[in-house]
């Protein structure tokens, strides 16, 4: 591994030994909160890497002193003190992807920023946060700290431009192997404040797959050739795809992905994924952030078969396309008969985010021999027990087009595969109707506008 060098000068960088720097930077969470400008913007790490100690101290300071603090982040946990209802008049929260934030919209201070996930660092930097607050695992023998589970959502360029970088070091966070361009390590000498804490990170147990997931996954597995480089998503479908790839006896698969989840454990332990044919980061599973439970973390911690990278590295479509035979797998909420994909809203209501879907759709198709797949269940049941088709004549009014029809290649439901690329609008519609739920095929055919 090439030698890494710090790119930011922290408050104690003039001290030669990183261990002495560390001791000089240590302070309580309450002291750290005093370094934050309550009239400006602060960027914070996400989800299981949320800096809870500083969060609580900063919320207490706002209650005492008042102010108007902007927080730029995403995937905020619901138990954060800063986003409690009583602070809604004191905190503005911006995110480019919603998860638990959906439950906070009624507070009136939660706002969505439309961007691709690879642009998260550029978006945060554009807000000019004076303070950045991140969590890291404890430093290694050379003073380098892993930004751990969700650190990829707080890009190094944001850290480099901030006036103050507060590092909350959680001794229960795992350290992951990284290095090279887009690495995920931060040096003690780059920090201005260090707060020590010990808190078990939130686990996300893998969702179990049902028969519908397995049917969709079986169709997807048939599109994955030996030696392909696969991008996985989340949930029961991702786990079912992993199981199907093992069952089908696939060989020499590689992985470059946005999210690294539990499905990788079995694939790598069984040798189905060995990354032996990848052109970029060969021999290693490359991804940005980890969502899973301790089984995943314990398998990945310090494991040189992994290489954690910045989100703009993993999700850059040009970078994705440097590997051959990329297969991207992304979910959708609904798709219309022309092939327009909505993966992020319920009508006009923001549900999740643009994420990296279009980046992976393009990167896979730009890859030599690559394939992009949009997967969805053919139908769903509403709260009244009525079944609805997810393949619709037109998207619901106000729905967001996450992936335009011009970019869609394969669409997969439990009823099969539709290849839309280079098809006419009529051919596309017929292909999609063929994989719709049987209860809706006749109705969809009657609503064809061509």
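The values are calculated or read from the model by the stated rules, or taken from the named source; none is laboratory data. Keep in mind the model is a prediction, meaning the values are calculated, not measured. All Cβ positions, glycine included, derive from the backbone under ideal geometry; neighbour counts span all protein chains shown.
What is the number of the single condition among (1) touching a residue at least 60 places away in the same chain (Cβ under 8 Å); (2) buried (at least 22 other Cβ atoms within 10 Å of the Cβ) that residue 186 does not meet?
(1)
Which ones in the stretch 343-357 are surrounded by fewer than 23 Cβ atoms within 10 Å (Cβ to Cβ) and in contact with a strand residue (DSSP E or B) (Cβ under 6 Å, 6 or more places away or on another chain)?
Those that are surrounded by fewer than 23 Cβ atoms within 10 Å (Cβ to Cβ) and in contact with a strand residue (DSSP E or B) (Cβ under 6 Å, 6 or more places away or on another chain): 350, 351.
Just checking, how many residues over the stretch 285-304 are free of Cβ contacts under 8 Å to residues at least 40 places away in the same chain, farther than 19 Å from residue 74 by Cα and not in a helix (DSSP H, G or I)?
2
Run residue 218 past the list (1) over 23 Å from the mean Cα position of the chain (by Cα); (2) touching a residue at least 60 places away in the same chain (Cβ under 8 Å) and report the number of the one that doesn't hold.
In the conditions (1) over 23 Å from the mean Cα position of the chain (by Cα); (2) touching a residue at least 60 places away in the same chain (Cβ under 8 Å), residue 218 misses (2) alone.
Residues in the stretch 104-150 that are within 23 Å of residue 233 (Cα to Cα) and out of contact with any strand residue (DSSP E or B) (no Cβ under 8 Å at 6 or more places or on another chain): how many?
Selection size over the stretch 104-150: 8.
If you check residue 121 against the conditions, is it under 23 Å from residue 259 (Cβ atoms), within 28 Å of the chain's Cα centre (by Cα) and modelled with pLDDT under 95? Before the answer, list the steps.
Working: under 23 Å from residue 259 (Cβ atoms): yes; within 28 Å of the chain's Cα centre (by Cα): yes; modelled with pLDDT under 95: no.
Considered against the rule, which asks whether it is under 23 Å from residue 259 (Cβ atoms), within 28 Å of the chain's Cα centre (by Cα) and modelled with pLDDT under 95, residue 121 comes out as no.
Which residue, of 59, 76, 41, is assigned by TED's automatic domain parsing to the domain that holds residue 109, in contact with a strand residue (DSSP E or B) (Cβ under 6 Å, 6 or more places away or on another chain) and either in contact (Cβ under 8 Å) with a residue 60 or more places away in the chain or within 17 Å of residue 107 (Cα to Cα) (or both)?
So the residue among 59, 76, 41 that is assigned by TED's automatic domain parsing to the domain that holds residue 109, in contact with a strand residue (DSSP E or B) (Cβ under 6 Å, 6 or more places away or on another chain) and either in contact (Cβ under 8 Å) with a residue 60 or more places away in the chain or within 17 Å of residue 107 (Cα to Cα) (or both) is 41.
Can we say residue 233 is surrounded by fewer than 24 Cβ atoms within 10 Å (Cβ to Cβ) and more than 22 Å from the chain's Cα centre (by Cα)? Break it down into steps so the answer makes sense when it comes.
Working: surrounded by fewer than 24 Cβ atoms within 10 Å (Cβ to Cβ): yes; more than 22 Å from the chain's Cα centre (by Cα): no.
Considered against the rule, which asks whether it is surrounded by fewer than 24 Cβ atoms within 10 Å (Cβ to Cβ) and more than 22 Å from the chain's Cα centre (by Cα), residue 233 comes out as no.
Name the residues in the stretch 124-166 that are within 22 Å of the chain's Cα centre (by Cα) and on the phi > 0 side of the Ramachandran plot, would you?
If the condition is that a residue be within 22 Å of the chain's Cα centre (by Cα) and on the phi > 0 side of the Ramachandran plot, then 148 is the only one that fits.
All but one of (1) assigned to a loop (DSSP other than H, G, I, E, B); (2) surrounded by fewer than 23 Cβ atoms within 10 Å (Cβ to Cβ); (3) in contact with a helix residue (DSSP H, G or I) (Cβ under 6 Å, 6 or more places away or on another chain) hold for residue 149; state the number of the condition that does not hold.
(2)
Please go through the stretch 188-210 and give me each residue that is more than 24 Å from the chain's Cα centre (by Cα) and either assigned to a strand (DSSP E or B) or at pLDDT below 95 (or both), ordered by number.
So in the stretch 188-210, the residues more than 24 Å from the chain's Cα centre (by Cα) come out as 188-198.
Within the stretch 188-210, 193, 194, 195, 196, 197 meet the criteria.
Can you name the residue in the stretch 164-179 that is outside any strand (DSSP E or B) and touching a strand residue (DSSP E or B) at 6+ places or on another chain (Cβ under 6 Å) and is also farthest from residue 284 (Cα to Cα) among such residues?
Filtering the stretch 164-179 for residues that are outside any strand (DSSP E or B) and touching a strand residue (DSSP E or B) at 6+ places or on another chain (Cβ under 6 Å), the one farthest from residue 284 (Cα to Cα) comes out as 175.
On the basis of being in a strand (DSSP E or B), in the same structural domain as residue 327 (by TED's automatic domain parsing) and under 28 Å from residue 202 (Cβ atoms), does residue 241 make the cut?
Numbers: in a strand (DSSP E or B): no; in the same structural domain as residue 327 (by TED's automatic domain parsing): yes; under 28 Å from residue 202 (Cβ atoms): yes.
No: the conditions fail for residue 241.
In the set 227, 233, which member is closer than 26 Å to residue 325 by Cβ, in contact with a strand residue (DSSP E or B) (Cβ under 8 Å, 6 or more places away or on another chain), at pLDDT below 95 and assigned to a loop (DSSP other than H, G, I, E, B)?
Numbers: 227 fails: at pLDDT below 95.
Of the residues listed, the single one that is closer than 26 Å to residue 325 by Cβ, in contact with a strand residue (DSSP E or B) (Cβ under 8 Å, 6 or more places away or on another chain), at pLDDT below 95 and assigned to a loop (DSSP other than H, G, I, E, B) is 233.
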